[in-house]
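Okay, so here's the structure we're looking at.
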Amino acid sequence: MAPATQSTVILGLLQELHDRLSQCQEGAVADYIPELAKAVPRDFGIVVAMADGRIYAVGETEKPFTIQSISKPFAYGLALQQLSVEHMQRKVGVEPSGEAFNAISLDPETGRPRNPMINAGAIATSAQLQQLAGAGAEALLLHFFSQLAGRELSIDLEVYASERDTGHRNRAISHLLRNVSVIEGDVEPGLDLYFRQCAISVTCRDLGVMAATLACQGRNPLTGERPLDAPTTVQMLSLMGTCGMYDAAGQWLHDVGMPAKSGVAGGVLAVVPGQFGIAVYSPPLDSYGNSVRGVAACKELSERLSLHLYDQNPLGRSAIRRSYTGNHIQSRRWRTNTELVHLRDQGQSLRILHAQGVLDFYGTEQLLANLEGMARSARVIVLDMHHVQELLPNSLEMLIQTLGELDRQGIRVVISRAQGLIESPRWADLLAQTGIERVDELDIALELGEKLLLQAREARPDRPSPERPSLLLQLDPPQRQELESLLVPRTVKTGERVIRRGDDGDSLFLIVAGHFTTGVHVQFGSGDSRHSRLATFTSGMCFGEISFLSGKPRSADVVADEPGDLLVLSRDDFERLRLRSPETAIQLLLALSAELGGRLGRTSYQLSVMDHL
Ligand code: GLN
């Protein structure tokens, strides 16, 4: 569920619109259904319901009224899902009629109603649902509408009875449909369901949530339920776009440019697909049977907020969050000098690309073009997917093809942090059939990228050759000898924990051979934590110096990644050295500060580079 916090500026904008349009006195409340004539003309509410669940409501948004024709696209959606598209197409067309809602508009050749948004098509649709579910039809319908609104809805029996008793025109339409066999058998049960469906009692807020559900491809953003599937939602919105506002549909699409649906009780529901839903309640209607304030509010919102479907801004959307080379950022594995030289030379051929957002066709095209552009000069590409929210099915297919092609060209690809995005069997095939690697941490992906680059160099030694710890090299020969006499050699096995978090820092370790990794659990505000590597140290470096110098307990574990050789200086020996040969102790401390300073300098540099990538 989305946080309740709203933007006060947006609420203010809606309030101002509401106050201004409240002055409008045009239109008349529908009275052809006697109960509807009781509506209060000044009632006026506006709701904007966002796809992530925030709801803006101003004015009369909690008062119940009947849904009327706004039920039509939803009942049609339900019928599509229950009975199939083919079945429904045989019964009802999808062409705009350009006629009034209650027009007796049937295709002269087939006898089918033109579309499900006019009464003829809606009655035919309800008749299909009635035939399908029999006595359970009302319950089916109410359950479905309740899921759309996110709360239990009921039928206003007074309005239902009022329309049932006076709905002669709709009854006549039913008989015409019976005549051309769109309705088979008795017309009354289907007609009765239609009257009940129109009399479902909703508030403006309910309609807002229903609109938002359509904006979310059929998923209710408040409850997370999915009463509609995405393809059905697209069909419903298309019909709302061409037929939703009856004979004013063309003008509406021209001026407002949103799929919408109105009802004679004064509701208007409009959708900005993928973004939010709008609902307006105001009973006075224009000559087309659409709410006057409802039309005005949608029109003004569309103009002021640039919501028109065909008014799409091509700028400012990028699927590429960041893109840089191995010269800009290194993994947290410290490298020997030989490796560093090679990585510096070859850093350009390691490319790191962070993709982001929803990879629809537009985003995917950017991503694929970038990958292919890189492939001209790169040997290794790290593709980080951490900020990709969704990979649409077609995009996935095109990305798989592109990555497969890069692999054939001999480019090594590492996919990083794609958890949840690449679980399909197609990915499994790609990973099995190519050299493409997949890792779940960016730092590890960078390290792997560097490794692949290093592997490409000729005559690569399998393990870095043992190195003289650089710390020792900084001491003058007599002092170096004295210190060396205090160092105790230690051999470690893979996985051996050399330092344990919380222990006393009573030794300093110099690496002769091997790799040693230290990591922490990073704590997030949400309460969960993730393991993250701080660094991997390599031959020639030292570790454990921080607690050794500060006297504070160890802050993180250090584990051997492979068999290794260490030289260990104990605190006791160091203390004795301090008393016996202060000059040697000073030289050691100077060398340690130089080493730490060098590392800090590099780390700070990396952090500031991040700002510019
Ligand atoms: N129940 C109403 C009717 O059939 C629905 C019409 C509407 O909302 N436009 O007359």
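The values are calculated or read from the model by the stated rules, or taken from the named source; none is laboratory data. Predicted, not measured: the structure shown is a model, and the values here were computed from it. Virtual Cβ from ideal backbone geometry, glycine too; neighbours counted across all protein chains shown. Quick note on the areas: whole protein, heavy atoms, side chains included, nothing else; ligands and nucleic acids left out. Shrake-Rupley method; radii C 1.70, N 1.55, O 1.52, S 1.80 Å.
Of note:
Quick grid of which residues meet (1) closer than 21 Å to Gly53 by Cα; (2) small (Gly, Ala, Ser):
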site: Asn179; (1), (2): no, no
site: Gly190; (1), (2): no, yes
site: Leu193; (1), (2): no, no
site: Arg196; (1), (2): no, no
site: Thr203; (1), (2): yes, no
site: Leu207; (1), (2): yes, no
site: Cys216; (1), (2): yes, no
site: Asn220; (1), (2): yes, no
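- Failed criterion for Gln81 (all others in (1) more than 14 Å from the ligand (Cβ to nearest atom); (2) buried (at least 19 other Cβ atoms within 10 Å of the Cβ); (3) assigned to a helix (DSSP H, G or I) hold): (2)
- Leading residue by the ranking (nearest to the ligand (Cβ to nearest atom)) among those in the stretch 171-186 that are in a helix (DSSP H, G or I) and either farther than 20 Å from Gly121 by Cβ or open to solvent by less than 10 Å² (accessible area, probe 1.4 Å) (or both): Ile173
- Pairs with Cβ under 7 Å, 6+ apart, first in the stretch 136-153 and free of Cβ contacts under 8 Å to residues at least 24 places away in the same chain, second charged (D, E, K, R) and outside any helix (DSSP H, G or I): Ser146/Glu152
- Taking the stretch 525-570 as the range and being over 22 Å from Gln474 (Cβ atoms), surrounded by 15 or more Cβ atoms within 10 Å (Cβ to Cβ) and polar (S, T, N, Q) as the test, the residues that pass are Thr536, Ser555.
- Going through (1) in contact (Cβ under 8 Å) with a residue 12 or more places away in the chain; (2) open to solvent by less than 60 Å² (accessible area, probe 1.4 Å); (3) of a type outside the set (Gly, Ala, Ser); (4) outside any strand (DSSP E or B) one by one, Gln419 falls short only on (2).
- Residue list for the stretch 266-320, restricted to those being at positive phi and either in contact with a Pro (Cβ under 8 Å, 6 or more places away or on another chain) or within 16 Å of the ligand (Cβ to nearest atom) (or both): Gly266, Gly289
- Scanning the stretch 44-68 for residues that are open to solvent by 10 Å² or more (accessible area, probe 1.4 Å) and within 13 Å of the ligand (Cβ to nearest atom) gives a single hit, Phe65.
- Qualifying residue in the stretch 335-349 (condition: charged (D, E, K, R), at pLDDT 95 or above and either crowded, with 16+ Cβ neighbours inside 10 Å or within 25 Å of the chain's Cα centre (by Cα) (or both)): no
- The residues of the stretch 226-261 that are modelled with pLDDT under 95 and among the polar types (S, T, N, Q), listed by number, are Thr242, Gln251.
- Asp384 vs. criteria in contact with a strand residue (DSSP E or B) (Cβ under 7 Å, 6 or more places away or on another chain), in contact (Cβ under 8 Å) with a residue 12 or more places away in the chain, surrounded by 14 or more Cβ atoms within 10 Å (Cβ to Cβ) and farther than 19 Å from Ile320 by Cα: no
- Failed item, numbered, when Ile104 is tested on (1) among the β-branched types (Val, Ile, Thr); (2) open to solvent by less than 10 Å² (accessible area, probe 1.4 Å); (3) in a loop (DSSP other than H, G, I, E, B): (2)
- Of all residues making up the stretch 376-411, the number that are over 19 Å from Ser318 (Cβ atoms), not in a helix (DSSP H, G or I) and not hydrophobic (A, V, I, L, M, F, W, C): 5
- Sub-7 Å Cβ pairs linking a first residue in the stretch 435-453 that is touching a residue at least 24 places away in the same chain (Cβ under 8 Å) to a second residue that is part of a helix (DSSP H, G or I) and surrounded by fewer than 18 Cβ atoms within 10 Å (Cβ to Cβ), at least 6 apart or interchain, are Gly435/Asp407; Ile436/Asp407; Arg438/Leu431, ordered by first then second residue.
- Verdict on Gly263 being small (Gly, Ala, Ser), within 16 Å of the ligand (Cβ to nearest atom) and touching a residue at least 40 places away in the same chain (Cβ under 8 Å): yes
- Looking only at the stretch 490-524, and only at residues there that are assigned to a strand (DSSP E or B) and of a type in the set (Lys, Arg), the one that is surrounded by the fewest Cβ atoms within 10 Å (Cβ to Cβ): Arg497
- One residue stands out among those in the stretch 193-210 that are crowded, with 24+ Cβ neighbours inside 10 Å and not in a helix (DSSP H, G or I): the one that is farthest from the ligand (Cβ to nearest atom), which is Val202.
- The set of residues in the stretch 20-36 that are assigned to a loop (DSSP other than H, G, I, E, B) and more than 16 Å from the ligand (Cβ to nearest atom) comprises Gln23, Cys24, Gln25, Glu26.
- Scan of the stretch 525-550 for residues that are in a strand (DSSP E or B), of a type in the set (D, E, K, R) and over 20 Å from Asp503 (Cα atoms), ordered by number: Arg530
- Picking from residues in the stretch 107-163 that are closer than 16 Å to Thr66 by Cβ and among the β-branched types (Val, Ile, Thr), the one that is least open to solvent (accessible area, probe 1.4 Å) is Val159.
- Filter pass, Leu132 being closer than 23 Å to Val209 by Cβ, part of a helix (DSSP H, G or I) and more than 14 Å from the ligand (Cβ to nearest atom): no
- Close contacts from the stretch 160-179, counting a first residue that is among the hydroxyl-bearing types (Ser, Thr, Tyr) and a second that is near the ligand (Cβ under 9 Å from one of its atoms) and open to solvent by 90 Å² or more (accessible area, probe 1.4 Å), with Cβ to Cβ under 8 Å and a gap of 6+ residues or different chains, come to Thr166/Tyr32.
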